[in-house]
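Data first, discussion second: the structure below is written as C-alpha cells.
The values are calculated or read from the model by the stated rules, or taken from the named source; none is laboratory data. These numbers were taken from a predicted model, which means no experiment stands behind them. Here Cβ is always computed from backbone atoms with ideal geometry, including for glycine, and neighbour counts include all displayed protein chains.
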Amino acid sequence: MKIKAIRMFALCIALGWMSPAHSAEEAVRVVTADGVGAVLAGDRALARDKALKDAQRNAVEVAVGVLIDSETLTRNYAVIKDEIYARSTGYIQEYTILNESAEYNLLRVSIEAHVKLAPLKEDLGRVIRKVGRPRVLFMIAETEVGRNQPTAWWEGTAGMGGQVVDAALQDYFLSRRFLIVDHSLKRPSRKVSASPTDGEAVSLAREYDAEVVVVGRAVAKDSGKIQGYDLHSCRAEISARAIQVDNSHVLASANAGAAAAHIDPMSGGIEALKKASANLSKTLVDRIIDQWAGRAEGTATVTLDIVEVTGYSDFVRFKSLLKDEVRGVSTVYQRTFASGSAVLEIEYSGTAQDLADELALKDFESFRVDILEASHNRLKIKFIPRKL
C-alpha cells in the first residue's frame, strides 16, 4: 500500500513537470506556408516583401483553421479577413525562410512560422461575437385592450401601457448583443401609417441609419371574465417581419400569441403582450442571425445597382467576368436593364465591401468600375470609359 502511494506521488510530480511544457507547446503552433508576390517594374525586393506578408497571412490562416471549425470560418470570413488576416504579422512569434523561387513574374517564398495561439484565439472570439448583429429599428404598432385603433411611435401616439412590445423586444435583442436604434432621438421626416408597407418601413429605417427594421402589429383583447373568478382572460397576438434595409429582403417573419389573467383587463393585456413578445423574440433573433451571417450556404445575396453603363456589350462582359474571375461569386442574376442602368443580384461569399474591393482592382479593358456607395449587402457602381 505504501509503495503504491509513493508511485502515485511520483506520477503526480511527473505530470506537474510535464504540464508547463505541454502548455508552452499549445501556446504556439508551428506551421509551414507559402506566399507569392508579383514582380512589378523589376522590383524583386518589393515582391519578396509581399510574398513574405502573404506567407505569414497564410500561416495565420492555417492556425485559425485549428481554432475554429469550417462552418464558423465560412460564416465569419469577411470580418476575420478584415480584422485578423489584415494584421497577421502580429500573431507571428518568429519565422524561418525555407525556400525562395521565381517563376515568370512571380516570387514564391516558403516559411516555417511560429504562430501565437493565445492572442489569436482571443481576437477571433472578439470579432466573431460582433458578427451577425445589425442595427435594428422596431416598428410595432400596438392595439391595447379596449381600443380599436393601433398606436405607433412614428405617428407620435402611444397608449396607456406605452410601447410594451417595442420595449420587450429591445430587451431581448440587447441581451443577444444587437445594436438597437433609439427612435426617440428624432421625429420622422415623413408621415407613415400605423400599418406601413415594407417600402415605407424601409424608407423610414434609412432615416434612422438602421440595417434591419422589424415591422408588425400587436393586438391585445379582453375575452371577458373567467367563470367563477373575478379575473379577466386576456389574449395577445403579434405578427412581425424583419426586413434588411439596404435591399428590402425579408430576413424573417414570425407570429406569436400568449394569454394572461388579471383583475384589471388593461394590465392583463399588457402581461399578455409581454409574454407574446418573449415568444416572438427568440424566433426572430435566431432567423435574423442565420440570414445576416449567410449561415445556410456560407454566402450572401449582394445587390448591385449599376448606373451609367457604357454599353450593353460592356454590361455582358461585366456579367461574364463576375462569374468567371471574381472570387466568391457563385451565381449572377440579372433583374433589370434599361436606359443605361441595371440591377444584378449576386450570390457571394463575403460582404458588399469585399466585392467592392475586388471590383475596384479589376481590369475590364474598355472601362473601369467606380464604387459610388457600399453597405452590408448592396453596392452602387458606375462604368467609367477608359481613355484610348
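Yes/no matrix, rows are residues, columns are (1) more than 21 Å from the chain's Cα centre (by Cα); (2) modelled with pLDDT under 90; (3) outside the structural domain of Ile346 (by TED's automatic domain parsing); (4) charged (D, E, K, R):
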residue	(1), (2), (3), (4)
Ala194	yes, yes, yes, no
Val215	no, no, yes, no
Gly224	yes, yes, yes, no
Ala242	no, no, yes, no
Ala258	yes, no, yes, no
Lys275	yes, no, yes, yes
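Return yes or no: is Tyr95 among the aromatic types (Phe, Trp, Tyr), touching a strand residue (DSSP E or B) at 6+ places or on another chain (Cβ under 9 Å) and not assigned by TED's automatic domain parsing to the domain that holds Ala276?
yes
Could you list, in sequence order, all residues of segment 224-247 that are more than 14 Å from Met266 (Cβ to Cβ) and of a type in the set (S, T, N, Q)?
Gln227, Ser239, Gln244, Asn247
Where in segment 259-373 are there strands (runs of 3 or more DSSP E), lying wholly inside it, with at least 3 residues that are surrounded by fewer than 16 Cβ atoms within 10 Å (Cβ to Cβ) and touching a residue at least 12 places away in the same chain (Cβ under 8 Å)?
329-338
For segment 26-59, which residues satisfy the criterion of being farther than 20 Å from Leu107 by Cβ and not small (Gly, Ala, Ser)?
Within segment 26-59, Glu26, Val28, Arg29, Val30, Val31 qualify.
Results for (1) among the hydrophobic types (A, V, I, L, M, F, W, C); (2) assigned to a loop (DSSP other than H, G, I, E, B); (3) closer than 30 Å to Leu344 by Cα, shown as yes or no for each residue.
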site: Leu169; (1), (2), (3): yes, no, no
site: Arg177; (1), (2), (3): no, yes, no
site: Ala194; (1), (2), (3): yes, yes, no
site: Val213; (1), (2), (3): yes, no, yes
site: Gly216; (1), (2), (3): no, no, yes
site: Tyr229; (1), (2), (3): no, yes, no
site: Arg235; (1), (2), (3): no, no, no
site: Asp246; (1), (2), (3): no, yes, yes
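Filter segment 312-347 for residues that are farther than 13 Å from Val302 by Cβ, under 28 Å from the mean Cα position of the chain (by Cα) and of a type in the set (Phe, Trp, Tyr) and give the result.
Listed by number, the list holds a single entry, Phe318.
Based on this model, can you work out whether Val79 counts as part of a helix (DSSP H, G or I), under 25 Å from Val329 (Cα atoms) and modelled with pLDDT of 90 or more?
Judged against the criteria, Val79 is not a match.
Do you know which residues across segment 179-192 are over 25 Å from the mean Cα position of the chain (by Cα) and of a type in the set (A, V, I, L, M, F, W, C)?
Leu185, Val192
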